[in-house]
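What follows is a set of notes on a single structure, which appears directly below.
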Amino acid sequence: MSLSQTFKSSLVRSIRPDELFRIFRLQKNRKKTLPARVRHDPQLELYSRILKRDFLHYGYFLDPKVPPESISLKDIEDAQLEYARLFLKQMTPGDQRPVLDAGCGMGGLSVLLRDEGYHPTALTPDEHQIRYIREKHGTIPTLHCKLEELDSSQYRGHFGTVITSESLQYLQLDQALPILNEILAPGGRWMICDYFRKEAQATEKSGHVWSNFVDRIRTAGWEVELDQDITSHILVTLRYAWMLGERILIPLTDFGIEKVRVKQPGIAHLLRDFLPQLSQKVHDSLKVIDPERFAQEKTYRFVVLKRSA
């Protein structure tokens, strides 16, 4: 059966009363049957299948002016490795105290730390990620939970370093800060690499507000050892993704919609409300990675904080 025939068959089946009732029931109960996003994130799983170094972050380009047209997937992977090396450069050589990689993604940073002689523990609430790390990198200890769910009494003063690499944005600070303070050894350090909103009124609401975060950590007694604005170095990745969207994703979407209208006018009529929404959805999704808007509204920083002794 051809793709066109399969699609037509599906449409015919969808108007049967029993199928309409099933569709209604599945939609009504979708939130009950879907796992919580934090427990399994299909979007991050997709990224991990495209990029093969087991990193899930923006990457750090040494040359922030490199044109997106000249970038390959290998360049993205190399930039992700440079990003991970930002943490290695701040580690104390020979430090044998455990390192908590909180929000470890697919475990790429934990593997790098292990290979450099450190002792990482990988923490993630995502079911796919924890299973992947345990199967591929079985020598790395893992914790399957959110940082806010960690039993801090069990790890009191245990870690010399805690790393949140693009995971701070997900933390509830009221719950996370006391836990961080308890699980770090005296004089321990918290390394952060993440983006922050410049103002609370930013269009895209993910990320903590930078000024609020600074106030919170100072009030909680943290000392700032290092604060680097690396926005220009991560914008390269956004420009690359934006270029792919503008040159490939949007044209392919428009082509597919027009193809349906020309080749399948009946189906196009049936989907007359859906097709424009699909096109708009693609355009709206692309706005999220608009590099110019990101630079206006957000700041990407590498920060090292020290717990007061």
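Based on the Cβ-Cβ distance from Lys198 to Ser72, what FRET efficiency comes out when R0 is 22 Å, to the nearest 0.05? It would help to have the intermediate numbers written out before the result.
Working: r = 32 Å, r/R0 = 1.44.
Calculated transfer efficiency: 0.10.
What aspartates and glutamates could a cross-link reach from Lys89, if we take a straight Cα to Cα line under 13 Å and drop same-chain neighbours fewer than 8 places away?
Glu116
Using Cα centres only, tell me the gap between segment 71-108 and segment 232-255 in whole Å.
The two parts, judged by their Cα centres, are 25 Å apart.
In a shell of Cβ-Cβ distance under 11 Å around Arg239, excluding Arg239 itself, what net charge do Lys and Arg (+1) and Asp and Glu (-1) give?
Summing Lys and Arg as +1 and Asp and Glu as -1 gives -3.
Hey, got the Cα dimensions of segment 137-185 along the principal axes, in Å, largest first?
32, 23, 17
About its Cα centre, how strong a charge dipole does segment 203-278 have in debye, to the nearest 20, once Lys and Arg get +1 and Asp and Glu get -1 at the Cβ?
My answer is approximately 600 debye.
Based on the mean of other beta carbon atoms within 10 Å per residue, what is the order of 165-178, 284-297, most packed first?
Packing proxy ranking, top to bottom: 165-178, 284-297.
So if we plug the beta-carbon distance of Lys281 and Gln90 into 1/(1 + (r/R0)^6) with R0 = 51 Å, what FRET efficiency do we get, rounded to 0.05?
Rounded to the nearest 0.05, the efficiency is 0.80.
When you count, for each residue, the other Cβ atoms within 10 Å and take the mean per peptide, how do 254-262, 118-126 rank with the highest first? Walk me through the intermediate numbers first.
On the way: 254-262: 12.9, 118-126: 23.8.
Result, highest mean first: 118-126, 254-262.
Calculate the dipole size of segment 93-175 relative to its Cα centre from +1 charges on Lys and Arg beta carbons and -1 charges on Asp and Glu beta carbons; express the result in debye to the nearest 20.
240 debye
Subtract the Cα-Cα distance of Glu116 and Asp229 from 0.36 nm times their separation in residues, and report this length gain in nm to one decimal.
38.1 nm
Only the coordinates and a few stated rules stand behind these numbers; no lab work does. Since this is a predicted model, take the numbers as computed values, not measurements. Don't worry about glycine lacking a Cβ; one is built from the backbone with ideal geometry, like all the others, and counts go over all protein chains shown.
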